[in-house]
Amino acid sequence: MRAMVLERPRTPLVMRERSAPEPGSGEILIEVAACGVCRTDLHVVDGELPNPKVPIVPGHEIVGRVAAMGAGVAGLAIGERVGVPWLGSTCGLCPYCRSGRENLCDRPLFTGYTRDGGYATRALADARYCFPLPERRDDAEVAPFLCAGLIGWRSYRMAGAGEGTGAEGAGPQALGLYGFGAAAHILAQIAAWQGRRVYAFTRSGDDAAQAFAKSLGAVWAGGSDEMPPEPLDAAIIFAPVGALLPMALKAVKKGGRVVCGGIHMSDIPSFPYRLIWEERQVVSVANLTRADAREFLTLAPQAGVKSEVTRYPLEEANEALADLREGRLQGAAVLIP
């Protein structure tokens, strides 16, 4: 098998030839068809997340087919198409796992961070944390659902929204999305489908991103330094920029909520207490649960969600990461082995 490997943080990935691993008990070996390139991969590569397993094969938005199964695997078949997300496994024993909060597990493994991921032609995964995928969607187009879609969905739920039509009183009606990348471009479609007013915030002067947001249902798009035309009920920050938090607090109304949807963010500057007064809330989102994935993967086709992707050959993983880092993408980048 071939794999793009991070041998130490803050260095380019290198192509390596490896022997294909044998699945152990409870594991499946996946023939990778596509792997999305997530901002979290950048945080791993750029050394912004602590203690990665190195060398590590990044990538946690994996779509592929079951090539082999270890002992004890149930509910999957050879040749079946599956998706592999960020949450690679949990202990099942800690207080968080036992209370339905496996996203906060004390002893988790994360795909592409503490266990090898999908920037490769083959990948191992814990079968319990993989999801069967329908055949009707293109591999590359569904890959961003496995993290950008899932963490966007969890952030959306934390903002007070969720399933349904978005009828009056059913969660936030005016929703701000800061950073219009892979997650926001998926979530905007769901929010608009549910009848919410989506306000998209991009880098100042990024006319292409603002037009892209409007094409996906946003009622307004502007720079992240601008105020929306109406106060927001809630805002989700996907960009890893701490300075956006005070801006979002300014934009939400009394009792509004700001959700930080990333795993890493630059330092948040100090801000006056009046920005958070009047029962405004700031919350963060950590990882995901398998229940989140089942909800989102069921809802996305109902909402007609489509992902905008730019495809790269596996060997151009460094170029894909650079394009993401520099903001040269609309939607998501996807590696094709």
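The values are calculated or read from the model by the stated rules, or taken from the named source; none is laboratory data. Worth saying up front: this structure is predicted, and the values here are computed from it rather than measured. Here the Cβ positions follow ideal geometry from the backbone for every residue, glycine too, while neighbour counts run over all protein chains shown. Keep in mind that these areas ignore ligands, DNA and RNA; they rest on the heavy atoms of the full protein, side chains included. Shrake-Rupley method; radii C 1.70, N 1.55, O 1.52, S 1.80 Å.
Return yes or no: is residue 201 in contact with a Ser or Thr (Cβ under 6 Å, 6 or more places away or on another chain), within 22 Å of residue 310 (Cα to Cα), hydrophobic (A, V, I, L, M, F, W, C) and open to solvent by less than 10 Å² (accessible area, probe 1.4 Å)?
Yes: the conditions hold for residue 201.
Mind checking which pairs have a first residue in the stretch 255-277 that is acidic (Asp, Glu) and a second that is at pLDDT 95 or above and part of a loop (DSSP other than H, G, I, E, B), Cβ under 8 Å, 6 or more apart or different chains?
Sorted first by the residue in the stretch 255-277, then by its partner, the pairs are 267/242.
Which members of the stretch 313-335 meet the condition of being of a type in the set (A, V, I, L, M) and at pLDDT 95 or above?
Initially, the stretch 313-335 is screened for residues of a type in the set (A, V, I, L, M), giving 314, 317, 320-322, 324, 329, 332-335.
Those that are of a type in the set (A, V, I, L, M) and at pLDDT 95 or above: 314, 317, 320, 321, 322, 324, 332, 333, 334, 335.
Testing residue 246 on (1) open to solvent by less than 20 Å² (accessible area, probe 1.4 Å); (2) under 18 Å from residue 281 (Cα atoms); (3) in contact with a strand residue (DSSP E or B) (Cβ under 6 Å, 6 or more places away or on another chain), one condition comes back false. Which one is that?
So the condition that residue 246 fails would be (3).
When you go through 33, 20, 71 one by one, which is the residue that is among the aliphatic types (A, V, I, L, M), open to solvent by 10 Å² or more (accessible area, probe 1.4 Å), modelled with pLDDT of 95 or more and closer than 27 Å to residue 336 by Cβ?
33
If you scan the stretch 176-208, which residues turn out to be among the aliphatic types (A, V, I, L, M) and within 15 Å of residue 244 (Cβ to Cβ)?
Scanning the stretch 176-208 gives 177, 183, 184, 200.
Within the stretch 209-232, can you find the residues that are closer than 15 Å to residue 179 by Cα, of a type outside the set (A, V, I, L, M) and assigned to a helix (DSSP H, G or I)? First the steps, then the outcome.
To start, the set of residues in the stretch 209-232 that are closer than 15 Å to residue 179 by Cα comprises 209-214, 216, 218, 220-228.
Then keep just the ones that are of a type outside the set (A, V, I, L, M); that gives 210, 212, 214, 220, 222-226, 228.
Residues satisfying the conditions are 210, 212, 214.
If you check residue 240 against the conditions, is it open to solvent by less than 40 Å² (accessible area, probe 1.4 Å), touching a residue at least 40 places away in the same chain (Cβ under 8 Å) and not hydrophobic (A, V, I, L, M, F, W, C)?
Taking the combined requirement at face value, the residue satisfies it.
If I ask for residues that are assigned to a strand (DSSP E or B), more than 12 Å from residue 30 (Cα to Cα) and open to solvent by 10 Å² or more (accessible area, probe 1.4 Å), which ones from the stretch 96-130 would you list? Steps first, answer last, please.
Within the stretch 96-130, the first condition is being assigned to a strand (DSSP E or B), and the residues that meet it are 109-111, 115, 120, 122-126.
Still in the list and also more than 12 Å from residue 30 (Cα to Cα): 109-111, 115.
109, 110, 115, listed by residue number.
Taking residue 286 as the residue in question, decide whether it is open to solvent by less than 20 Å² (accessible area, probe 1.4 Å) and either more than 17 Å from residue 141 (Cβ to Cβ) or touching a residue at least 24 places away in the same chain (Cβ under 8 Å) (or both). Can you show your working first?
Numbers: open to solvent by less than 20 Å² (accessible area, probe 1.4 Å): no; either more than 17 Å from residue 141 (Cβ to Cβ) or touching a residue at least 24 places away in the same chain (Cβ under 8 Å) (or both): yes.
Taking the combined requirement at face value, the residue does not satisfy it.
Within the stretch 240-264, how many residues are modelled with pLDDT of 95 or more, part of a loop (DSSP other than H, G, I, E, B) and aliphatic (A, V, I, L, M)?
2
Checking the structure you have, find out if any residue of the stretch 265-272 is open to solvent by 20 Å² or more (accessible area, probe 1.4 Å), part of a loop (DSSP other than H, G, I, E, B) and among the aliphatic types (A, V, I, L, M).
Narrowing the stretch 265-272 to residues open to solvent by 20 Å² or more (accessible area, probe 1.4 Å): 265-272.
When the remaining residues are screened for being part of a loop (DSSP other than H, G, I, E, B), the result is 265-272.
Narrowing further to those that are among the aliphatic types (A, V, I, L, M): 265, 268.
Yes; the residues of the stretch 265-272 include at least one that is open to solvent by 20 Å² or more (accessible area, probe 1.4 Å), part of a loop (DSSP other than H, G, I, E, B) and among the aliphatic types (A, V, I, L, M).
Quick check on my filter: what residues within the stretch 38-63 are in contact with a helix residue (DSSP H, G or I) (Cβ under 8 Å, 6 or more places away or on another chain), crowded, with 22+ Cβ neighbours inside 10 Å and over 16 Å from residue 14 (Cα atoms)?
Across the stretch 38-63, the qualifying residues are 38, 39, 60, 61, 62, 63.
What's the number of the only condition in (1) under 22 Å from residue 85 (Cα atoms); (2) surrounded by fewer than 18 Cβ atoms within 10 Å (Cβ to Cβ); (3) in contact with a helix residue (DSSP H, G or I) (Cβ under 7 Å, 6 or more places away or on another chain) that residue 315 fails to meet?
Tallying (1) under 22 Å from residue 85 (Cα atoms); (2) surrounded by fewer than 18 Cβ atoms within 10 Å (Cβ to Cβ); (3) in contact with a helix residue (DSSP H, G or I) (Cβ under 7 Å, 6 or more places away or on another chain), residue 315 fails exactly one: (3).
Mind listing whichever residues of the stretch 60-71 are more than 15 Å from residue 149 (Cα to Cα) and of a type outside the set (A, V, I, L, M)?
64, 65, 70
Working carefully through the options 332, 322, find the one that is hydrophobic (A, V, I, L, M, F, W, C), without any contact (Cβ under 8 Å) to a residue 24 or more places away in the chain and open to solvent by less than 40 Å² (accessible area, probe 1.4 Å).
322
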